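Each remark here refers to the structure printed beneath this line.
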Amino acid sequence: MDVSVDQENLVHSVLNHDRMKELKAFDDMKVGVKGLADAGMLKIPKIFVRPPVELAEELNCRHTHIQVPVIDFTGIQRVDRRKEIVGEVRIASEKWGFFQVVNHGIPLSVLEKMIDGIRLFHEQDVEVKKQFYTRDRTRKAIFNSNFDLYQSRTANWRDTLGMILQASDHLDPNELPATCREAVMDYARDVKKLGDTLFELLSEGLGLKPDHLRTMECVNGCNIYGHYYPACPEPKLTLGLTEHSDPGFLTILLQNQINGLQVLYENQWVDVLPIPGGLVVNIGDLLQMISNSKYTSNVHRVIANSVGPRISVASFFGGPVAAPKLYGPIKELISEENPPLYRDVLYNEYAARLYSRGLDEKPVLEYYKL
Ligand code: OGA
Ligand code: NI
């Protein structure tokens, strides 16, 4: 018998056991990381500390001042300008999978009210907020810290209010928290319209009819996640959000003026600096798949910050929920020179895989590569 391996396994299981206990204790408090920050904690608990290898790698990271493309939608109703915008969106979606949009038509007041609504939710009386704390995915309003708390290796310094608006045309607004109900309803209405426009531009960028992606049900409703990243006492030791690519087809992200979002471009982390009134758009895994990798679902993350809170609102256009639907590379994009890179997958199978894993595990798309 190899004693050293046995001992190592033992140490491992004791450590894991302690970690599970700590995770459970944190989860049971239902106060999120904001609760820890408010308690005046000067050191972050072990469950949030990244492994030494990762922290060492971070020191070798190169930094750069290049910026993701910014696209101005002014004049989009003019045929000539629209053509140019289609080109800009296509190039950004191919090369970066990320871009920022300005003059997109959503009033600044709607954006500001949305950020304020999310702030009000997270900063309200903790006893009221606790009533929304849950991991039950059948609820419409889901407040918790780290949706993958028990699956990931390291917890993130972030709390989230998820609002499941997808496929709920008859959503009862009373299912949303009172603190942000009106802001969310207004923002959701406008962000869906912008999503519709973006899917038209993205369809045209693929050489398809403007309504192609709409007919594939990419636009069907969206789920909105209001993230709250409190100031962190030891920002170098943890992350706000582990590196990942987004599920679904498309994400529109609203951020307040506190930095943190980074996207990986040519092996460097690039800061996606907030532009007042601007929105960040990024391609999700399913759009990479159905575009046969013409568009890129790029890796991004949020670093922790000693100042805060950073507040962001991610609207995920996730696809259909009700009927099982098959997705694969769009036939019009496939030819002898461009063979399919992915096999077809049932949306429900994809979604089930998505929710059973930690954000730091193997990317879901890898399972469907041919
Ligand atoms: C996400 C995401 C970035 C942010 O929710 O998937 O990448 O800035 N959010 O919160
Ligand atoms: Ni993301």
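In nm, what is the difference between 0.36 nm times the number of residues separating residue 116 and residue 307 and their Cα-Cα distance?
Working: separation 191, 0.36 × 191 = 68.76 nm, distance 1.76 nm.
In short, 67.0 nm is gained.
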**Asked** Hey, got the dipole for the chain? About the Cα centre, +1 on K and R Cβ, -1 on D and E Cβ, debye to the nearest 20?
**Response** 360 debye
**Request:** Add +1 for every Lys or Arg and -1 for every Asp or Glu among the other residues with Cβ under 13 Å from the Cβ of residue 62, and state the total.
**Result:** -4
**Request:** Compare the Cα positions of 99, 33, 124 along the charge dipole of the chain (+1 at Cβ of Lys, Arg; -1 at Cβ of Asp, Glu; about the Cα centre) and return the one farthest towards the positive end.
**Result:** 124
**Asked** How far is it, in nm, from the label point at residue 25 to the one at residue 138 when both lie 7 Å from their Cα along the line to the Cβ?
**Response** 3.3 nm
**Request:** Based on the mean of other Cβ atoms within 10 Å per residue, sort peptides 23-32, 351-360, 152-161, 196-205 so the most packed one is first.
**Result:** 152-161, 196-205, 23-32, 351-360
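Please report, ordered by residue number, every helix of the chain (full DSSP H runs) that is 15 Å or longer along its axis going by C-alpha atoms and whose mean Kyte-Doolittle hydropathy reaches 0.0. Provide the component values of the computation, followed by the final result.
Values: long enough: 3-29 (39 Å, -0.56); 79-95 (24 Å, -0.77); 108-123 (22 Å, 0.37); 181-205 (35 Å, -0.38).
The answer, listed by residue number, is 108-123.
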**Item:** Those residues of segment 50-86 whose amide nitrogen sits under 14 Å from the label point placed on residue 267, 7 Å along Cα→Cβ
**Value:** 60-63
**Values of log10 I(q)/I(0), in the order q = 0.11, 0.13, 0.20 Å⁻¹, for segment 244-370 under a Debye, Cα-only, solvent-free model** = -0.45, -0.61, -1.19
**Item:** Packing rank of 250-262, 234-246, 124-136, 82-94, where each peptide gets the mean count of other beta carbons within 10 Å, highest leading
**Value:** 250-262, 234-246, 82-94, 124-136
**Message:** Let's see if you can work this out: charge +1 on each Lys and Arg Cβ, -1 on each Asp and Glu Cβ, no other charges. What is the dipole magnitude of segment 258-370 about its Cα centre, in debye to the nearest 20?
**Reply:** 280 debye
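Among 34/95; 193/369; 46/129; 193/331; 21/362; 24/113, which pairs are too far apart, with a Cα-Cα distance over 29 Å? Numbers along the way, then the final one.
Working: 34/95 36 Å; 193/369 32 Å; 46/129 25 Å; 193/331 27 Å; 21/362 25 Å; 24/113 34 Å.
Too far apart for the 29 Å limit: 34/95; 193/369; 24/113.
In percent, how large is the relative contact order of the chain, given Cα pairs closer than 8 Å and 6 or more residues apart?
Relative contact order here is 20 percent.
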**Request:** Work from the charge dipole of the chain (Cβ charges, +1 for Lys and Arg, -1 for Asp and Glu, about the Cα centre) and give the residue of 239, 16, 187 farthest towards its positive end.
**Result:** 187
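If R0 is 35 Å, what FRET efficiency do you get for residue 66 and residue 125 from their C-beta distance, rounded to 0.05? Could you put the intermediate results ahead of the total?
Working: r = 43 Å, r/R0 = 1.24.
Computed FRET efficiency for residue 66 and residue 125 comes out at 0.20.
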**Message:** Let me check the size of the chain from its C-alpha atoms; what are the radius of gyration and Dmax in Å?
**Reply:** 21.0, 76
**Asked** Considering the chain as a Gaussian network with a 10 Å cut-off on Cα pairs, which listed residue, 319, 40, 328, attains the greatest mean-square fluctuation?
**Response** 40
**Request:** First measure r as the distance between the Cβ atoms of residue 54 and residue 215, then evaluate 1/(1 + (r/R0)^6) with R0 = 25 Å and state the FRET efficiency to the nearest 0.05.
**Result:** 0.05
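Values in this text are rule-based calculations from the coordinates and carry no lab data. It should be emphasised that the depicted structure is a prediction, and the values quoted were computed from it without experimental measurement. Quick reminder, even Gly has a Cβ in these numbers, built from the backbone with ideal geometry, and neighbours come from all protein chains shown.
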